[in-house]
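Engineer: Sharing a structure with you now.
The values are calculated or read from the model by the stated rules, or taken from the named source; none is laboratory data. This is a predicted model, so every value here is computed, not measured. Cβ: placed from backbone, ideal geometry, glycine included. Neighbour counts: every protein chain shown.
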Amino acid sequence: MISVKLPIQSSVLTVMTKAAIKASKGLLRDFSELEHLQVSVKSNKDFVTSADVKADKILKEELLYARPSYSFLSEESEEIVGEDPSYRWIVDPLDGTINYMHGFPHWAISIALEKNDEIIAAVTYDPVKNEIFFAEKGCGAYLNDKKIRVSGRRSIFDTLISFGAKDEEMPLRPHISSCKVRKTGSTTLDMAYLAAGRFDILYFGSNPNKWDIAAGMLLIKEAGGILADKNGKLTSIYKDVAVMTNVNLLPLAVL
């Protein structure tokens, strides 16, 4: 694994990045096998599920060892309520499962830390590309050793749009047919890419799971981005988030 150069981090971000990197080792090993094995759909799915669960176990062990009193919420295991419920780890050990299953190299590990219902630290790690996106409340957002910002584009026709929504929930807006559109299969990476200026607008479907977007919400905020509901109203409530973009494009994105 290539070493990632990072700026000086807080102790909690150090815990999070180390946990993500440790969990990624097994995922990368199994992913390499998936790329070369000829397996049935069923055995392929079982193989990926096993990799997912193993990564979840490592993340849980690492994060709770470092902060044993915190709660823990993950897509792959039952929630743990800690002695100090004001703090909670929110984890997705493998976002982009279908991509992973097909040997498509676009998936990530997501870790967020919540304090009293507010996300205060976030890490999204793409092991294949060796990219760590991270942020802490009030300290900006970073990709490896560089600070990142959302794009500054102002024209809707210059944008690259990503859809995290289901097909039936995609917004039917006149401008979209004139824009460049992608659907990557990993919400976690979509949000990190928006924070880094790689996407300009991200549309999300209804009722997201918290582990899908918790880390990305902080990354986007700290990178100067906007989180809004389907009507364009700013929101910090994860279930209401439907549009993510920069301040210039928001009025155009919700037309």
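Engineer: Which pairs do you get when a residue that is outside the structural domain of LEU227 (by TED's automatic domain parsing), found in the stretch 113-124, comes within reach of a residue that is surrounded by 24 or more Cβ atoms within 10 Å (Cβ to Cβ) and at pLDDT below 95, reach meaning Cβ atoms under 6 angstrom, with the pair 6+ apart or on two chains?
Structural biologist: What qualifies is THR124/THR188.
Engineer: Can you tell me which residue among ASP145, ASP56 is loosely packed, with under 14 Cβ neighbours inside 10 Å and either among the hydroxyl-bearing types (Ser, Thr, Tyr) or within 26 Å of THR184 (Cβ to Cβ) (or both)?
Structural biologist: Working: ASP56 fails: loosely packed, with under 14 Cβ neighbours inside 10 Å.
The conditions single out ASP145.
Engineer: Of the residues ASP30, ASP56, ASP52, which single one is in contact with a helix residue (DSSP H, G or I) (Cβ under 9 Å, 6 or more places away or on another chain), modelled with pLDDT of 90 or more and either not hydroxyl-bearing (Ser, Thr, Tyr) or not assigned by TED's automatic domain parsing to the domain that holds LYS129 (or both)?
Structural biologist: Step by step, each of ASP30, ASP56, ASP52 is checked, and only ASP56 is in contact with a helix residue (DSSP H, G or I) (Cβ under 9 Å, 6 or more places away or on another chain), modelled with pLDDT of 90 or more and either not hydroxyl-bearing (Ser, Thr, Tyr) or not assigned by TED's automatic domain parsing to the domain that holds LYS129 (or both).
Engineer: Right, next: Name the one entry in LEU202, LEU249, LEU189 that is crowded, with 19+ Cβ neighbours inside 10 Å and in contact with a His (Cβ under 9 Å, 6 or more places away or on another chain).
Structural biologist: Residue meeting the stated conditions: LEU189.
Engineer: Provide a single number: the residues in the stretch 161-191 that are at pLDDT below 65, in a loop (DSSP other than H, G, I, E, B) and not charged (D, E, K, R).
Structural biologist: Qualifying residue count for the region: 4.
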